[in-house]
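Below is one structure, written out as structure tokens, with a few remarks after it.
The values are calculated or read from the model by the stated rules, or taken from the named source; none is laboratory data. Being a predicted model, the structure only gives us computed values, none of them experimental. Here Cβ is always computed from backbone atoms with ideal geometry, including for glycine, and neighbour counts include all displayed protein chains. Areas reflect the complete protein model, heavy atoms only, side chains present, ligands, DNA and RNA absent. Shrake-Rupley method; radii C 1.70, N 1.55, O 1.52, S 1.80 Å.
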Amino acid sequence: MKSQNELGVAIPANKPLVVRTIKEVTKEQREYALKKTEYNMFSFPADLIFVDFLSDSGSGTMTDLQWSALFHGDESYARNKGYYVLLEAIRDTFERGDKPKHSIDLVLSGETNIKKLMDELYITDYQGGFVNGGVSQLSRPNAFIVPQGRCAEHLLFSTIAPILKERNREEEYFIPNNGHFDTTEANINANGIIPINFFSANLLDDFPYDEMNIRNPFKGNMDVKALETLIQEKSVESIPLIYITITNNTAAGQPVSMSNIKEVNKIAKKYNIPLFFDACRFAENANFIKEFENGYKNKTIPSIVREMFSYVDGFTISFKKGMANIGGGLFFKDRGMFHQKFSVEDDIGIKLKEKQILTFGNDSYGGLSGRDIMALATSLYETIHQNSLRKRIMQVRNFAQKLAINGLPVILPAGGHAVYLNMDKFFEGTNIKTGDFGGVGFTIELLRHYGIRACELGPFAFEWDKKTPEQREGILNLVRFAIPRNLYGNEHIDYAVAAITELYYNRDKIPKVKISRGAKLRLRHFQTGLQPIYIK
Ligand code: F0G
């Protein structure tokens, strides 16, 4: 008889104890609201939606442990107790693998032994890792808490850009990635650096839906040949950082293999360029490595996470992706390559800290409330639970499989947080072309008819019309259904599958879309007005 792990389905990992009633909104009401909000998905009131796949960012369900941790929140202005707990949780998660200290228990259990509290939490000195402690964090800060991922990106790029300009005003600088997320790309651009994507060449290859439980080609990998060519064609000095996004959200949420991480690390070391993770969905990525990469089946998720992070010099992260409703951070190795390269006259950590205080708040809360910090620290331990991760990944996989069975052009295999439709294939044989923003038309129709919100990540979001033919080649034409962690069940997925399939059968009726206001705005998909053009 098969064991519980061999059944090919997720073992139930949790159960909802609170439910929220979804409002009974009619199609006519949604049509009215769409018109009044300029057909922009980001402007539509969430309370009027049946199923919201716009983002998995900050939209997940908190666990009972997180809710209870909120009560331990300490709202002191400086050095609230959650700060120490969070730093310890980060050391545990990214550095200690199977040997976490779990010092959070001291706070949650109301430890009264002052010596123990001081020795194990409040008066400790750490150095040499991603999170200095005590005096080392004061003299060489390397851990920066911020409200969300893009704040960490802003902090990093706006601090290094002037240093680079100072070094050589004429030089063009590039930051390569296996797939920059839109805010990362925009933050790099805004600081006069050029972001480049090196997607894996096999990204859009076909993959049989019935093999998703058997193998995975790690389509999120970075094209390492292209990376090395760039370094050789430009110069080492022109590449301040190399980034790997795990999982690769822009490339259909695909995972990155440990061997790819190692290869990129080798190149980074060879040329002495710091390597960073955009680590938002590190836990999902680790699960794919465990499930599909040779040599990792019997390793634990924490030990895989530890190994992944041993290859990078630093990382930016949004903790909103399935961990907490708010939170982000920037971390780099104490006295590592990044620290050495950018600490020219002043310590780079001190510069970053000054900017953090100027823009987000004192370093021990970084724009978060003490409650948020405690909920976040708690979730770092729960995020890596094997059954809970597997539940999440299998939900995404089942959603993709159901769509594929119905004939929809889903990017396969499914990634860890979202299902993506290939809209070029979706519109094959219709009169919708790339510049018609058919993907946006599809999201408008899905919301209008069925009350489901999805997100175009294609020519509209990545500004196809503003780019040169060469730049356009790097733009994929996708619509994404992101699944917030622990929010939806089978009925939500089944309703969505039925609705998406119905629209697919009626794709010749999907409107082209015009930008009616704000086409030139930066990050315009959050702000423009749109107009669908219905054919009578
Ligand atoms: N990096 C990646 C890979 C992301 O997916 C995101 C956010 C960020 C950075 C920025 O983090 O939102 O906390 O500022 N992605 C969300 C999404 C918004 O819907 O995929 P943030």
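Test residue 437 against the stated conditions and say whether it is among the aromatic types (Phe, Trp, Tyr), more than 27 Å from residue 285 (Cα to Cα) and open to solvent by 10 Å² or more (accessible area, probe 1.4 Å). Working first, answer last.
Working: among the aromatic types (Phe, Trp, Tyr): yes; more than 27 Å from residue 285 (Cα to Cα): yes; open to solvent by 10 Å² or more (accessible area, probe 1.4 Å): yes.
The answer is yes for residue 437.
Under 8 Å by Cβ, and 6 or more places apart or on different chains, what pairs join a residue from region 160-175 that is in the same structural domain as residue 240 (by TED's automatic domain parsing) with one that is open to solvent by 20 Å² or more (accessible area, probe 1.4 Å) and in a helix (DSSP H, G or I)?
167/237; 168/237; 171/237
Name the pairs whose Cβ atoms lie under 9 Å apart, with the first residue in region 1-23 and assigned by TED's automatic domain parsing to the domain that holds residue 390 and farther than 18 Å from residue 386 by Cβ, the second open to solvent by less than 100 Å² (accessible area, probe 1.4 Å) and aromatic (Phe, Trp, Tyr), and 6 or more positions between them or separate chains?
Correct list of pairs: 22/50; 23/50.
Would you please name the residue that is nearest to residue 296 (Cα to Cα), looking only at residues in region 386-416 that are in contact with a helix residue (DSSP H, G or I) (Cβ under 6 Å, 6 or more places away or on another chain) and within 16 Å of the ligand (Cβ to nearest atom)?
Among them, the one singled out is 416.
Being buried (at least 17 other Cβ atoms within 10 Å of the Cβ) and away from the ligand (no atom under 15 Å from the Cβ) narrows it down to one residue among 210, 182, 206, 223; which is it?
After applying the criteria, what remains is 223.
How many residues are touching a strand residue (DSSP E or B) at 6+ places or on another chain (Cβ under 7 Å) and more than 16 Å from the ligand (Cβ to nearest atom) when one looks only at region 312-335? Talk me through it step by step, then tell me what you get.
Filtering region 312-335 for residues touching a strand residue (DSSP E or B) at 6+ places or on another chain (Cβ under 7 Å) gives 312-321, 328-333.
After this cut, where a residue has to be more than 16 Å from the ligand (Cβ to nearest atom) as well, the list is 313, 332-333.
So the count comes out to 3.
Quick one: count up the residues across region 473-499 that are over 26 Å from residue 20 (Cβ atoms), away from the ligand (no atom under 16 Å from the Cβ) and crowded, with 20+ Cβ neighbours inside 10 Å.
1
Among the residues of region 282-297, count how many are under 28 Å from residue 339 (Cα atoms) and either open to solvent by 10 Å² or more (accessible area, probe 1.4 Å) or not assigned by TED's automatic domain parsing to the domain that holds residue 259 (or both). Break it down into steps so the answer makes sense when it comes.
Initially, region 282-297 is screened for residues under 28 Å from residue 339 (Cα atoms), giving 282-283, 285-286.
Adding the requirement that they be either open to solvent by 10 Å² or more (accessible area, probe 1.4 Å) or not assigned by TED's automatic domain parsing to the domain that holds residue 259 (or both) leaves none.
Number satisfying all stated conditions: 0.
Please state which one of 114, 90, 104 is outside the structural domain of residue 519 (by TED's automatic domain parsing), free of Cβ contacts under 8 Å to residues at least 40 places away in the same chain, closer than 25 Å to residue 362 by Cβ and β-branched (Val, Ile, Thr).
Values: 90 fails: free of Cβ contacts under 8 Å to residues at least 40 places away in the same chain; 104 fails: free of Cβ contacts under 8 Å to residues at least 40 places away in the same chain.
Within the list 114, 90, 104, the selection yields 114.
Within region 155-174, work out how many residues are crowded, with 22+ Cβ neighbours inside 10 Å and within 16 Å of the ligand (Cβ to nearest atom).
3
Could you tell me which of the residues 160, 231 is out of contact with any strand residue (DSSP E or B) (no Cβ under 6 Å at 6 or more places or on another chain), closer than 22 Å to residue 266 by Cβ and among the β-branched types (Val, Ile, Thr)? First the steps, then the outcome.
Numbers: 160 fails: closer than 22 Å to residue 266 by Cβ.
Going through 160, 231 in turn, just one is out of contact with any strand residue (DSSP E or B) (no Cβ under 6 Å at 6 or more places or on another chain), closer than 22 Å to residue 266 by Cβ and among the β-branched types (Val, Ile, Thr): 231.
Which helices (runs of 4 or more DSSP H) does region 305-409 wholly contain that include 3 or more residues that are within 30 Å of residue 269 (Cα to Cα)? I'd like the intermediate steps shown before the answer.
Values: elements: 337-342, 348-359, 370-383, 386-405.
Counting at least 3 such residues, we get 337-342, 348-359.
Is there a residue being under 30 Å from residue 185 (Cα atoms), part of a helix (DSSP H, G or I), at pLDDT 95 or above and not β-branched (Val, Ile, Thr) anywhere in region 499-513?
Taking every residue of region 499-513 in turn, none turns out to be under 30 Å from residue 185 (Cα atoms), part of a helix (DSSP H, G or I), at pLDDT 95 or above and not β-branched (Val, Ile, Thr).
For residue 300, indicate whether it is surrounded by fewer than 20 Cβ atoms within 10 Å (Cβ to Cβ), β-branched (Val, Ile, Thr) and either within 16 Å of the ligand (Cβ to nearest atom) or more than 23 Å from residue 197 (Cβ to Cβ) (or both). Explain how you work it out, then say what you get.
Values: surrounded by fewer than 20 Cβ atoms within 10 Å (Cβ to Cβ): yes; β-branched (Val, Ile, Thr): yes; either within 16 Å of the ligand (Cβ to nearest atom) or more than 23 Å from residue 197 (Cβ to Cβ) (or both): yes.
It is true that residue 300 is surrounded by fewer than 20 Cβ atoms within 10 Å (Cβ to Cβ), β-branched (Val, Ile, Thr) and either within 16 Å of the ligand (Cβ to nearest atom) or more than 23 Å from residue 197 (Cβ to Cβ) (or both).
Looking at region 371-386, is at least one residue of a type in the set (A, V, I, L, M, F, W, C), in the same structural domain as residue 504 (by TED's automatic domain parsing) and open to solvent by less than 20 Å² (accessible area, probe 1.4 Å)?
Looking for residues that are of a type in the set (A, V, I, L, M, F, W, C), in the same structural domain as residue 504 (by TED's automatic domain parsing) and open to solvent by less than 20 Å² (accessible area, probe 1.4 Å), one finds none in region 371-386, hence no.
Residue pairs, Cβ under 9 Å, 6 or more apart or interchain, first in region 431-450 and charged (D, E, K, R), second in a helix (DSSP H, G or I). List them.
Every condition considered, the pairs that remain are 445/503; 445/509; 448/27; 448/30; 448/31; 448/34.
Scanning for something within 20 Å of residue 128 (Cα to Cα) and at pLDDT 95 or above, does region 364-373 turn up at least one residue? Quick ask: steps written out before the conclusion?
Taking region 364-373 as the starting set, the residues that turn out to be within 20 Å of residue 128 (Cα to Cα) are 364.
Applying the additional criterion that residues be at pLDDT 95 or above yields 364.
Yes, region 364-373 contains a residue that is within 20 Å of residue 128 (Cα to Cα) and at pLDDT 95 or above.
Taking residue 42 as the residue in question, decide whether it is part of a helix (DSSP H, G or I), within 16 Å of the ligand (Cβ to nearest atom) and not charged (D, E, K, R).
On the way: part of a helix (DSSP H, G or I): yes; within 16 Å of the ligand (Cβ to nearest atom): yes; not charged (D, E, K, R): yes.
The answer is yes for residue 42.
Considering each residue of region 422-439, count those that are within 16 Å of the ligand (Cβ to nearest atom) and of a type in the set (A, V, I, L, M, F, W, C), and give that number. Reasoning before the result, please.
So in region 422-439, the residues within 16 Å of the ligand (Cβ to nearest atom) come out as 439.
With of a type in the set (A, V, I, L, M, F, W, C) added as a condition, the list becomes none.
Number of matching residues: 0.
Among the residues of region 515-536, which ones are assigned to a loop (DSSP other than H, G, I, E, B) and modelled with pLDDT of 85 or more?
Initial filter on region 515-536 (assigned to a loop (DSSP other than H, G, I, E, B)): 518-523, 527-528, 534-536.
Selection gives 518, 519, 520, 521, 527, 528, 534.
From the list 127, 148, exactly one residue is within 16 Å of the ligand (Cβ to nearest atom) and open to solvent by 20 Å² or more (accessible area, probe 1.4 Å). Which is it? I'd like the intermediate steps shown before the answer.
On the way: 127 fails: within 16 Å of the ligand (Cβ to nearest atom).
Answer to the check: 148.
What is the one condition in (1) open to solvent by 10 Å² or more (accessible area, probe 1.4 Å); (2) modelled with pLDDT of 95 or more that residue 470 does not satisfy?
The one condition residue 470 does not meet is (2).
What is the residue count in region 241-267 for residues that are open to solvent by less than 10 Å² (accessible area, probe 1.4 Å) and within 19 Å of residue 174 (Cβ to Cβ)? Don't jump to the end; show me each part of the working.
First pass over region 241-267, keeping only residues open to solvent by less than 10 Å² (accessible area, probe 1.4 Å): 241-249, 251-258, 260-261, 264.
With within 19 Å of residue 174 (Cβ to Cβ) added as a condition, the list becomes 241-245, 248, 251, 264.
Residues in region 241-267 being open to solvent by less than 10 Å² (accessible area, probe 1.4 Å) and within 19 Å of residue 174 (Cβ to Cβ): 8 in total.
Report yes if residue 318 is modelled with pLDDT of 95 or more, open to solvent by less than 10 Å² (accessible area, probe 1.4 Å), farther than 22 Å from residue 136 by Cα and of a type in the set (Ser, Thr, Tyr), otherwise no. Reasoning before the result, please.
On the way: modelled with pLDDT of 95 or more: yes; open to solvent by less than 10 Å² (accessible area, probe 1.4 Å): yes; farther than 22 Å from residue 136 by Cα: yes; of a type in the set (Ser, Thr, Tyr): yes.
Yes: the conditions hold for residue 318.
Which residue pairs have Cβ atoms under 6 Å apart, sit 6 or more places apart or on different chains, and have a first residue in region 318-337 that is farther than 12 Å from residue 149 by Cβ and a second that is within 8 Å of the ligand (Cβ to nearest atom)?
Qualifying pairs under 6 Å: 325/58.
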